[in-house]
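Working notes for the structure below.
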Amino acid sequence: MIFHIYEIKLEHFKYHVKLRPFLMQFLLEVIDYYEVYFYTAGTKQYGMLIIDIMIEEMKAMLLNKEFTED
C-alpha cells in the first residue's frame, strides 16, 4: 500500500494531507449501497480540495484494478 502526502495551498497557508489507510477501499465498497456525505470543520474550499484528492485516488485505484484483473 502506498501512502501519498498531498500539499494543499489555500490563501496564505499550506496544508499537508495524508488520507487514512484503507479509506479509498472503504469508499469504493460503500458508495454503491449508501449515499455518502463528507463533513469538514474547515472551509468549503478546503473540503472540496480534499474531495478532489479522494476522487483522483479512487480513479487511480479503479484503473489499477482494471489492468491487474486482465
inquiry  = I want the local charge near Ile51. Using Cβ-Cβ distances under 11 Å, sum +1 for each Lys or Arg and -1 for each Asp or Glu among the other residues.
reply    = -2
request  = Multiply the residue separation of Ile53 and Tyr15 by 0.36 nm, subtract the distance between their alpha-carbon atoms, and state the gained length in nm to one decimal.
outcome  = 12.4 nm
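So for Leu19, Leu49, what's the accessible-area order with a 1.4 Å probe, most first?
Details: Leu19 25, Leu49 55 Å².
In descending accessible area the options line up as Leu49, Leu19.
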query = Of the accessible area of the chain, with the probe set at 1.4 angstrom, what percent is carbon plus sulfur?
reply = 58
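What accessible area per residue comes out for the chain, rounded to a whole number of Å², with a 1.4 Å probe? All intermediate terms of the calculation are to be shown ahead of the outcome.
On the way: 6330 Å² over 70 residues.
With all protein chains present, the chain gives 90 Å² per residue.
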ask   = Which value, in Å² rounded to 10, gives the accessible area of Lys14 with a 1.4 Å probe and all protein chains present?
value = 130
note = A chain fully extended from Phe22 to Tyr37 at 0.36 nm per residue, minus the present Cα-Cα distance, gains in nm 3.6 nm
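Give, rounded to the nearest 20 debye, the magnitude of the charge dipole that the chain has about its Cα centre when Lys and Arg contribute +1 at Cβ and Asp and Glu contribute -1 at Cβ. Show your work: numbers first, answer last.
On the way: 7 positive and 11 negative charges, 93 e Å.
Dipole about the Cα centre, nearest 20: 440 debye.
The values are calculated or read from the model by the stated rules, or taken from the named source; none is laboratory data. The structure presented is a predicted model; accordingly, all values stated were derived computationally and were not measured. Don't worry about glycine lacking a Cβ; one is built from the backbone with ideal geometry, like all the others, and counts go over all protein chains shown. Protein only, heavy atoms only, side chains kept; ligands, DNA and RNA dropped before computing areas. Shrake-Rupley method; radii C 1.70, N 1.55, O 1.52, S 1.80 Å.
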